[in-house]
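Working notes, beginning with the structure itself.
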Amino acid sequence: MDVSVFGTGYVGLAQAAALADVGHRVLCVDIDEKKIQQLRKAVPPIQEPGLSALIDNNLREGRLSFSTRSDDAVTHGQLIFIALGTPADEDGSADLRRVLCVAREVVRHMEVDRTLVIKSTVPVGTAARVLETAREALVELGKGHLKVRVVSNPEFLMEGNAVNDCARPDRIIVGSEDEVARSQLAELYAPFCHNHDKLIFMDNRSAELTKYAANAMLVTRISLMNELANLAKQVGADIESVRKGIGSDPRIGFHYIHPGCGFGGSCSPKDLRSLLHTCHMNGFQLRLLRAVHEVNEEQRQVLFRKLQKHYPDGLEGKSIAVWGLAFKPDTDDMREAPIRYLLEALWHEGATVRAFDPEAMSECRRLYGYRDDLVLCATRDDTVQDADALVICTEWKAFRVVDFEFLASKLRDRLVIDGRNLYNPEQVTAAGLHYQGIGLPRIVPLVSAS
Ligand code: NAD
């Protein structure tokens, strides 16, 4: 099929590449000219495993192309995907201006019927709004005889696994009551259902809510686990034992129950705020999710609070090594990453940060620029040269195996704060380090700290 995709971010690019790879002809459009120029050379603007190769192959095969022209996209695609950002406004509501603007743009160039497929995460009722906007614009432009259909097809990919998630989705939600649109989407996704049917059809509103409900379920698990971790510390229990104990219950499972320094990223916090806003607008109190949000706001401060407690005289002049800047492994995305709260708090107190991340160094530089209190180090081990303490913020594989004797010989205050519970506390403390994880009992180091 001929498909156009508006927006070449994580969702648009990964989806476009996956669709092209099964044989569809996909044209991607973005307003960012630099991005498009790079993409034409198969250079993606984001770090996602496998994405570069997939784009390269499909560009060569002529199934994938890139443009800045929306008229080209409307002429090309019988299906037009909308994969634009829907950032949170100040009141938490999703900003739909880009989505509505593209809907009008599509109508402006439409000469035949078109189907809009909303991939962006949008509040319940958005498809109806897009349809109304498009129909009004068609009438205004004297093209009332043309038909526009709107499908809600939310995306569930995880950054760091975006290509795989799009190429091998667990399920494909198609929200539409229009039979033609349903059969178009069934044809589009048929190559992804070869093994078994993954399509779940429903109405637009239910599809829109499904996306928020999935995110809400996941972040609830995280916040609950973080609260239990804080309780475990208080009562002298070990949250890692508790995690193993509950995760092995098949009704619970091991996903999304790792205690940590709060959830972040471009989606979870914003989608939670947006859902709370939807509740508010509908006079409905989702009390549980308000608590999930509040717990996360506090949990984002947990690493800084631990440092503050360790340094009661303040952090001014301290040099803090940081491992991990991305909000999760296998991505360079730092949007709402918990580390940002730590960095800003440390700088506010007069500390210097020596940081390393396998992918997010350029993104960190882009966000914070050159400043005396931020040293971006070439390797993980460089960060601890001339540092007082080490904080681990992202659970990259590259941080899993560590020479603790080396750390103990370098860190002036021999302090390791582990926001992801990566290490065995006994092993770390045996090297003479003070080790603090999330929800772990305190163990006194065998070798006293200097
Ligand atoms: P993004 O910010 O990475 O990318 C959006 C892209 O759209 C940018 O390249 C931007 O230049 C482009 N753009 C903006 N206005 C445009 C216009 N008028 N025409 C063409 N292009 C335009 O966003 P993303 O992370 O891919 O997310 C897109 C949507 O998908 C959001 O609603 C998000 O909540 C949702 N989502 C994201 C993820 C994720 O992990 N990132 C997962 C599931 C759903």
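Worth a mention:
- Leading residue by the ranking (nearest to the ligand (Cβ to nearest atom)) among those in segment 173-214 that are under 30 Å from Lys397 (Cβ atoms) and modelled with pLDDT of 95 or more: Lys211
- The set of residues in segment 341-353 being among the charged types (D, E, K, R) and within 24 Å of the chain's Cα centre (by Cα) consists of Glu344 alone.
- Segment 253-280, residues that are surrounded by 14 or more Cβ atoms within 10 Å (Cβ to Cβ) and farther than 15 Å from Ser223 by Cβ: Ser266, Cys267, Lys270, Ser274, His277, Thr278, Cys279, His280
- Screening Leu307 on (1) under 26 Å from Thr379 (Cα atoms); (2) within 16 Å of the ligand (Cβ to nearest atom) shows it passes everything except condition (2).
- Hits in segment 99-125 - residues which are loosely packed, with under 15 Cβ neighbours inside 10 Å and within 20 Å of Ser183 (Cα to Cα): Val112, Asp113
- With respect to (1) assigned to a loop (DSSP other than H, G, I, E, B); (2) away from the ligand (no atom under 16 Å from the Cβ); (3) on the phi < 0 side of the Ramachandran plot, the lone exception for Phe327 is condition (2).
To keep it simple, each residue is scored yes or no on (1) surrounded by fewer than 18 Cβ atoms within 10 Å (Cβ to Cβ); (2) out of contact with any Leu (no Cβ under 8 Å at 6 or more places or on another chain); (3) under 19 Å from Gly7 (Cβ atoms).
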site: Ala127; (1), (2), (3): no, yes, yes
site: Gly142; (1), (2), (3): yes, yes, no
site: Val150; (1), (2), (3): no, no, yes
site: Ala162; (1), (2), (3): no, no, yes
site: Glu177; (1), (2), (3): yes, yes, no
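- Residues of segment 148-180 that are assigned to a helix (DSSP H, G or I) and closer than 26 Å to Leu13 by Cα: Ala162, Val163, Asn164, Asp165, Cys166, Ala167, Val180.
Okay, residues lined up against (1) of a type in the set (Lys, Arg); (2) over 20 Å from Arg354 (Cα atoms); (3) modelled with pLDDT of 95 or more:
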residue: Arg380; (1), (2), (3): yes, no, yes
residue: Glu395; (1), (2), (3): no, no, yes
residue: Phe399; (1), (2), (3): no, no, yes
residue: Ala408; (1), (2), (3): no, no, yes
residue: Asn421; (1), (2), (3): no, yes, yes
residue: Thr429; (1), (2), (3): no, yes, yes
residue: Leu446; (1), (2), (3): no, yes, no
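- Only a single criterion out of (1) within 26 Å of Pro169 (Cα to Cα); (2) surrounded by 14 or more Cβ atoms within 10 Å (Cβ to Cβ) is not satisfied by Ala53, namely (2).
- Some residue of segment 155-166 being within 16 Å of the ligand (Cβ to nearest atom), at positive phi and not basic (Lys, Arg): yes
- For segment 1-45, filtered to residues that are in a helix (DSSP H, G or I), among the aliphatic types (A, V, I, L, M) and more than 12 Å from the ligand (Cβ to nearest atom), the residue that is surrounded by the most Cβ atoms within 10 Å (Cβ to Cβ) is Ala17.
- Of the helices (runs of 4 or more DSSP H) lying entirely inside segment 354-450, those containing at least 2 residues that are among the aliphatic types (A, V, I, L, M) and more than 29 Å from the chain's Cα centre (by Cα) are 404-410, 425-430.
- Residues of segment 306-337 that turn out to be touching a residue at least 60 places away in the same chain (Cβ under 8 Å), more than 16 Å from Leu390 (Cβ to Cβ) and not acidic (Asp, Glu), as a count: 7
- Selection status of Pro250, exposed (fewer than 13 other Cβ atoms within 10 Å of the Cβ) and more than 16 Å from the ligand (Cβ to nearest atom): yes
- Only one of the numbered conditions (1) surrounded by fewer than 22 Cβ atoms within 10 Å (Cβ to Cβ); (2) in contact with a strand residue (DSSP E or B) (Cβ under 6 Å, 6 or more places away or on another chain); (3) among the polar types (S, T, N, Q) is not met by Gln285, and that is (2).
The values are calculated or read from the model by the stated rules, or taken from the named source; none is laboratory data. No experiment lies behind these values; they were computed from the predicted model shown. When we count neighbours, we look across all protein chains shown, and the Cβ atoms used for this are built from the backbone with ideal geometry, even at glycine.
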